[in-house]
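The values are calculated or read from the model by the stated rules, or taken from the named source; none is laboratory data. Everything numeric here is computed off the predicted structure, so don't read it as measured data. As a convention, Cβ positions derive from the backbone with ideal geometry for all residues, glycine included, and neighbour counts pool all protein chains shown.
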Amino acid sequence: MKNLIKRMEIFAEKYYHKNAEDPFVWRNHIQLVRKYAKFLAKIENADEEVVEIAAILHDIGKYKGRKDHNIRSHTLSKKFLQDSKLSIKKQNLILKCILKHSTKESSKANEIEVKVIQCADVLGTLFDNRWQAFSRKNLTKKELFKLYNKSLKKINLNSAMKIARPQIKKLKLKLK
Ligand SMILES: [Fe+2]
């Protein structure tokens, strides 16, 4: 398992370093998503290994832009996972987490692991201080409020909501 994670980190890092939109995505966003995914998995009784792997891989497709990045991440990850020793069941669940990590999927019924990734993705953005500071510099107050509200809409687990709400309150206070 440790070996697989190490190989996966090397594989994923290459794509994240090609991400022009956020050159710190690997160091900040992905590590935060990973941290919150593992934390939420414990509370929600989700498969920790599945969510950690999905967290590492979920945004690799962003190196070609935001649009359809979940599909690109899914395709690239599928090839990588086929060479791993993970069971087909686990591979498929990881791939589902990656494919369905976007906001529009969060209101649908999905496995707990998918929900954990959807929520951890939001938390990984809300707690990314560098990214938040960058957004405050480049977006209007109205756009930021819209983003914060969109974040809350994506969260579909109470455990994650408890973490997100105070952080959004803090971020909103910074705008005044
Ligand atoms: Fe993400």
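Among residues of the stretch 81-98 being buried (at least 19 other Cβ atoms within 10 Å of the Cβ) and among the β-branched types (Val, Ile, Thr), the one that is farthest from the chain's Cα centre (by Cα) is Ile94. Kindly evaluate Thr125 against the criterion of being in a helix (DSSP H, G or I), in contact (Cβ under 8 Å) with a residue 60 or more places away in the chain and among the polar types (S, T, N, Q). Yes: the conditions hold for Thr125. Contact map, the stretch 22-36: first residue within 11 Å of the ligand (Cβ to nearest atom) and outside any helix (DSSP H, G or I), second residue among the hydroxyl-bearing types (Ser, Thr, Tyr) and modelled with pLDDT of 95 or more, Cβ cut-off under 6 Å, separation 6 or more or different chains; pairs are Val25/Tyr16. Of Lys78, Lys176, Lys108, all but one fail to be assigned to a helix (DSSP H, G or I) and more than 12 Å from the chain's Cα centre (by Cα); the exception is Lys78. State whether the residues of the stretch 99-114 include one that is over 20 Å from Asn19 (Cα atoms), touching a Cys at 6+ places or on another chain (Cβ under 9 Å), modelled with pLDDT of 95 or more and buried (at least 19 other Cβ atoms within 10 Å of the Cβ). Checked against the condition, which is being over 20 Å from Asn19 (Cα atoms), touching a Cys at 6+ places or on another chain (Cβ under 9 Å), modelled with pLDDT of 95 or more and buried (at least 19 other Cβ atoms within 10 Å of the Cβ), the stretch 99-114 yields at least one hit.
The residues of the stretch 1-21 that are in contact with a Leu (Cβ under 9 Å, 6 or more places away or on another chain), more than 21 Å from Val114 (Cα to Cα) and within 15 Å of the ligand (Cβ to nearest atom) amount to a single one, Tyr15.
Taking the criterion of being within 19 Å of Glu113 (Cα to Cα) and either among the charged types (D, E, K, R) or exposed (fewer than 11 other Cβ atoms within 10 Å of the Cβ) (or both), the residues of the stretch 142-157 that qualify are Lys153, Lys154.
Filtering the stretch 42-83 to residues that are within 16 Å of the ligand (Cβ to nearest atom) and of a type in the set (Lys, Arg) leaves Lys62, Lys64, Arg66, Lys67, Arg72.
Would you mind stating whether Leu139 is over 13 Å from the mean Cα position of the chain (by Cα) and buried (at least 20 other Cβ atoms within 10 Å of the Cβ)? The answer is no for Leu139. Filtering Ile98, Ile168 for residues that are among the β-branched types (Val, Ile, Thr), away from the ligand (no atom under 15 Å from the Cβ) and not in a loop (DSSP other than H, G, I, E, B) leaves a single hit, Ile168. Does at least one position in the stretch 1-9 carry a residue that is more than 20 Å from Ser159 (Cβ to Cβ), surrounded by fewer than 17 Cβ atoms within 10 Å (Cβ to Cβ) and modelled with pLDDT of 95 or more? Checking the stretch 1-9: at least one residue is more than 20 Å from Ser159 (Cβ to Cβ), surrounded by fewer than 17 Cβ atoms within 10 Å (Cβ to Cβ) and modelled with pLDDT of 95 or more.
Going by the conditions given, is Lys137 in a helix (DSSP H, G or I), within 16 Å of the ligand (Cβ to nearest atom) and out of contact with any helix residue (DSSP H, G or I) (no Cβ under 7 Å at 6 or more places or on another chain)? It is false that Lys137 is in a helix (DSSP H, G or I), within 16 Å of the ligand (Cβ to nearest atom) and out of contact with any helix residue (DSSP H, G or I) (no Cβ under 7 Å at 6 or more places or on another chain).
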